[in-house]
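The values are calculated or read from the model by the stated rules, or taken from the named source; none is laboratory data. On a predicted model such as this, the values are computed, not experimentally measured, just so you know. Glycine also receives a Cβ, built like all others from the backbone with ideal geometry; neighbour counts cover every protein chain displayed. Note: accessible area is taken over every heavy atom of the protein model, side chains too, but ligands, DNA and RNA are not part of it. Shrake-Rupley method; radii C 1.70, N 1.55, O 1.52, S 1.80 Å.
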Amino acid sequence: MNSMLRKSVLGIAGLAFTGGVFAGPVAAHADAAPVQGTKPAAVATVQGAQSKIDLNGEQLANAKAIIAATKKAGLPERAAVISIATSLQESKLENLGHLGDANDHDSLGLFQQRPSSGWGSPEQITDPEYSTLAFLKGLKQVDGWDKMPLTEAAQTVQVSAYPDAYAQWEQQATDIVAHNWNS
């Protein structure tokens, strides 16, 4: 074997060994059971800087209503994370009624849904269960929603003028769902 060929073979073998040394520990644990207490379905793939607000009793009750509606719809925790992050962006988890001149068109409720866009009547949209189920119905129509970044899934349903804004709430939404899913 000439020296050039030998160096090439040894170089490739060295790269393969190095890749195995570094990737081996990762691959060895790829199928490992999740750490006790974690919830893989709600694991955040957090994008960018995160925002967080302190929740009052009403906001927490609305978050729990979103979780309950998600369970009623038979959807996993990830759907609740997307829903709560969307509501955090749209209304800070406040069930908004008509705000007069401060209203964004005729947007109402936890998700700022609009009666004029076919989301339901004002009474329906301001019902947390109804508005969540309406949001989730839209989410289920998005192919691959459970595998895409949160902000992309939320934007596909909401069609917001600020499509990237949902991402900032992913960590807080994940924490809320992790803490309240089994309660």
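Some points to look at:
- Selection count, the stretch 115-137, where residues are outside any loop (DSSP other than H, G, I, E, B) and either among the aliphatic types (A, V, I, L, M) or buried (at least 18 other Cβ atoms within 10 Å of the Cβ) (or both): 9
- Subset tally (residues that are free of Cβ contacts under 8 Å to residues at least 24 places away in the same chain and crowded, with 19+ Cβ neighbours inside 10 Å) for the stretch 50-64: 0
- Residue count for the stretch 138-170, restricted to those that are outside any helix (DSSP H, G or I) and open to solvent by 60 Å² or more (accessible area, probe 1.4 Å): 8
- Checking every residue in the stretch 65-77 against the condition of being in contact (Cβ under 8 Å) with a residue 24 or more places away in the chain, closer than 21 Å to Tyr166 by Cβ and in contact with a strand residue (DSSP E or B) (Cβ under 7 Å, 6 or more places away or on another chain) gives zero matches.
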